[in-house]
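Right, one structure below, let's go through it.
The values are calculated or read from the model by the stated rules, or taken from the named source; none is laboratory data. Predicted model only: the values in this text are computed from it and were never measured. Positions of Cβ are generated from backbone atoms using ideal geometry, with glycine treated the same way; all protein chains shown enter the neighbour counts. With ligands, DNA and RNA removed, areas are computed over all heavy atoms of the protein, side chains included. Shrake-Rupley method; radii C 1.70, N 1.55, O 1.52, S 1.80 Å.
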Amino acid sequence: MVSTPHATLAPLLARHAGRANELLPLLHALQDREGYVDPAHVPAIAAALNLSRAEVHGVITFYHHFRSAPPAATVVQVCRAEACRSRGGEALVAHVEACTGAHIDGEASHGVSVESVYCLGQCALSPAVTINGELHARVGPARFDALFADAREQGGHD
Ligand code: FES
């Protein structure tokens with residue numbers, strides 16, 4: 001059964017009600033379940049946690065991690081932190097952009113979005129990426145091409 005956003009939100013609001021310091025855990029849980037934080041939920045979240053709408057909106061927009069719209073069918077995250085940068089991470093970003101047609105941290109292209117992340121905990125095995133949430137380390141251009149083709153095939157894309 002596919003849950004609706006409201007069905008997902010209600011138990012989270014109940015769990016965190018009245019605890020303003022639990023905004024981040026609530027937002028993480030909501031995005032884990034829905035793929036994004038629907039801006040329409042901001043008033044309910046603010047009311048439940050005794051925060052202003054501006055405070056909730058400010059947190060959502062401050063943290064790059066939170067999406068305000070549904071994710072693309074295929075989401076590629078490329079680590080741009082130091083260890084990955086020192087091992088070809090930025091060249092990999094350019095390759096990923098050329099391969100997918102999507103600009104990093106820009107609009108999705110043909111159902112693919114490419115996002116920056118800052119450390120995936122694989123520094124010793126950099127560069128690291130995720131594709132649809134699956135972590136991959138020691139990713140060079142050729143390996144990325146194979147992983148990306150697999151992900152698109154699994155998702156029913158060519
Ligand atoms: S710097 Fe890229 S995984 Fe840590």
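Checking each residue in segment 101-131 for being at pLDDT below 95, open to solvent by 60 Å² or more (accessible area, probe 1.4 Å) and more than 14 Å from the chain's Cα centre (by Cα) picks out only HIS110. Of everything listed in (1) in contact (Cβ under 8 Å) with a residue 40 or more places away in the chain; (2) under 21 Å from GLY155 (Cβ atoms); (3) in a loop (DSSP other than H, G, I, E, B), the single unmet condition for ALA69 is (1).
For segment 39-76, the set of residues classified as open to solvent by 40 Å² or more (accessible area, probe 1.4 Å), under 30 Å from GLU97 (Cβ atoms) and not basic (Lys, Arg) consists of PRO39, HIS57, THR61, PHE62, TYR63, HIS64, HIS65, SER68, ALA69, PRO70, PRO71, ALA73, listed by residue number. For segment 5-18, the count of residues that are farther than 30 Å from ALA137 by Cβ, in contact with a helix residue (DSSP H, G or I) (Cβ under 7 Å, 6 or more places away or on another chain), β-branched (Val, Ile, Thr) and at pLDDT below 95 is nonzero.
Residue pairs whose Cβ atoms lie under 6 Å apart, separated by 6 or more positions or on different chains, with the first residue in segment 111-130 and without any contact (Cβ under 8 Å) to a residue 40 or more places away in the chain and the second of a type outside the set (Asp, Glu) and more than 7 Å from the ligand (Cβ to nearest atom), are VAL114/VAL76; VAL114/VAL96; VAL114/THR100; VAL114/ALA102; VAL114/ILE104; LEU125/ALA137; LEU125/ARG138.
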